[in-house]
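Here is the structure we will look at, set down as structure tokens.
The values are calculated or read from the model by the stated rules, or taken from the named source; none is laboratory data. Being a predicted model, the structure only gives us computed values, none of them experimental. Cβ placement follows ideal geometry from the backbone for every residue including glycine, while neighbour counts extend to all protein chains displayed. Remember, those area values only see protein heavy atoms, side chains included, never the ligands or the DNA or RNA. Shrake-Rupley method; radii C 1.70, N 1.55, O 1.52, S 1.80 Å.
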Amino acid sequence: MINVIKSVKIGSILEGNMPGKNVLLIGAAGFVGNHLIDYILKNRGDWRVTATKMPAEKIEKQVAVRDLDITIPAQIEALLAETKPDYIFHLAAQSSVALSWKNPKLTISINIIGAVNLLDSIRKLEKQPRVLLIGSGEEYGHVKESEIPIIEDNNTRPGNIYAVTKVCQNMIGRLYAEAYGLQIMSTRSFNHTGPNQAPQFVVADFCRQIADIEAGRQEPVIRVGNLSAKRDFTDVRDVVRAYCLLMEKGQAGETYNVGSGYAVKIEEILSRILKLSKKHITVQTDAAKLRPVDVPVIEADISKLKACTGWEPEISLDTTIAETLEWYRRKSRS
Ligand code: A2R
């Protein structure tokens with residue numbers, strides 16, 4: 001894609017006043033980053049995107065790509081000097097709850113120290129960008145039934161190391177916004193899913209198994225964990241649209257829940273996925289997938305996000321499920 005800029009005065013380019021926005025997506029090679037790039041390319045024609053990835057990763061899209069490890073401050077400073085961002089989406093993370101138990105130090109180093117490295121580098125800039133830190137609904141942790149749907153001011157009682165690191169990122173972001181006047185907003189994003197999601201997440205896991213069964217790679221038995229929990233699912237393409245709106249309209253120092261506002265039983269999701277297959281498939285509980293479910297229902301209150309941005313989820317759960325299954329079927333055939 002070629003960006004053609006019409007009638008721009010040379011003086012304004014030299015002063016860095018080009019129309020549009022310089023946009024930095026940090027940690028963009030992952031699940032959400034790929035969808036965010038697609039959404040921006042389609043819907044924000046005047047955003048000039050630089051996307052960062054780890055050296056071993058690939059981003060094959062029409063954006064500038066740079067390697068960046070957020071645990072190395074000098075790399076962040078060089079990138080900020082080069083790109084002069086107006087907007088920064090901070091997606092980079094060690095995002096696996098399971099790995100956070102196995103390697104807490106790594107998780108803390110990427111999710112907390114990495115975020116501080118970024119914010120400290122931003123603090124030194126002359127021109128302050130707007131920054132969106134991506135957090136997680138996991139931050140609320142052990143939610144009481146009386147607290148459903150969960151508002152942003154709810155207590156956070158994180159139940160795993162990953163969640164602890166995201167609570168820290170959120171607190172540091174808020175403190176930096178207050179103390180240094182930085183334009184930092186944070187999300188608490190609930191379960192999001194869609195095409196291209198890794199199979200350690202429940203919808204993707206079910207879809208991958210069905211695709212493998214249909215392709216004859218797995219016996220016609222789907223292995224599942226606890227089906228009784230209710231969780232709040234949003235299509236990742238709705239989520240990245242919310243992120244762009246928050247970048248444009250969010251208030252510095254504030255945290256916004258991003259979710260559908262509606263909890264669905266995992267059992268219901270399984271039955272909707274099974275209906276999409278012509279195969280006769282048996283459901284079997286796999287002890288390895290069972291996690292103690294001490295939080296039966298997690299549902300976000302999304303009124304703050306709606307009031308701030310006008311955002312509403314647009315993609316139905318049925319569409320998300322169907323398109324994720326189709327994505328895994330294509331992957332299974334290739
Ligand atoms: O772990 P890798 O090699 O797949 O790379 C991940 C990258 N990342 C880093 N980037 C810069 N410096 C680091 N030290 C570093 N360590 C990891 O962040 C990956 O490409 C990206 C995160 O993408 P995913 O793991 O696919 O997460 P997803 O689902 O895109 O979630 C985006 C954000 C994360 O902050 C999550 O914690 C939150 O939304 O739910």
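Among residues of the stretch 218-232 being away from the ligand (no atom under 16 Å from the Cβ) and in a strand (DSSP E or B), the one that is farthest from Ile122 (Cα to Cα) is Val221.
For the subset of the stretch 158-217 comprising residues that are of a type in the set (S, T, N, Q) and part of a loop (DSSP other than H, G, I, E, B), which member is nearest to Tyr140 (Cα to Cα)?
Asn160
Every condition in (1) charged (D, E, K, R); (2) near the ligand (Cβ under 9 Å from one of its atoms); (3) open to solvent by 50 Å² or more (accessible area, probe 1.4 Å); (4) out of contact with any Asp or Glu (no Cβ under 9 Å at 6 or more places or on another chain) holds for Asp69 except the one numbered (3).
Among the residues that make up the stretch 118-132, is at least one of them surrounded by 15 or more Cβ atoms within 10 Å (Cβ to Cβ) and in a loop (DSSP other than H, G, I, E, B)? Yes: one or more hits. Just one residue in the set Asp238, Asp286 is farther than 18 Å from Glu152 by Cα, out of contact with any Phe, Trp or Tyr (no Cβ under 7 Å at 6 or more places or on another chain), in the same structural domain as Pro129 (by TED's automatic domain parsing) and open to solvent by less than 60 Å² (accessible area, probe 1.4 Å); that residue is Asp238.
Pick out the one residue from Ala177, Ala204 that is in contact (Cβ under 8 Å) with a residue 24 or more places away in the chain and within 11 Å of the ligand (Cβ to nearest atom).
Numbers: Ala177 fails: within 11 Å of the ligand (Cβ to nearest atom).
None of the others qualify; the one that does is Ala204.
Per the listing Val131, Val49, the residue uniquely within 19 Å of the chain's Cα centre (by Cα), of a type in the set (A, V, I, L, M) and over 26 Å from Pro158 (Cα atoms) is Val49.
Taken over the stretch 304-334, residues that are exposed (fewer than 14 other Cβ atoms within 10 Å of the Cβ), touching a residue at least 40 places away in the same chain (Cβ under 8 Å) and assigned to a helix (DSSP H, G or I) amount to 3. The conditions are (1) open to solvent by 10 Å² or more (accessible area, probe 1.4 Å); (2) hydroxyl-bearing (Ser, Thr, Tyr); (3) part of a helix (DSSP H, G or I), and Ser277 fails exactly one of them. Which is it? Of (1) open to solvent by 10 Å² or more (accessible area, probe 1.4 Å); (2) hydroxyl-bearing (Ser, Thr, Tyr); (3) part of a helix (DSSP H, G or I), only one is false for Ser277: (3).
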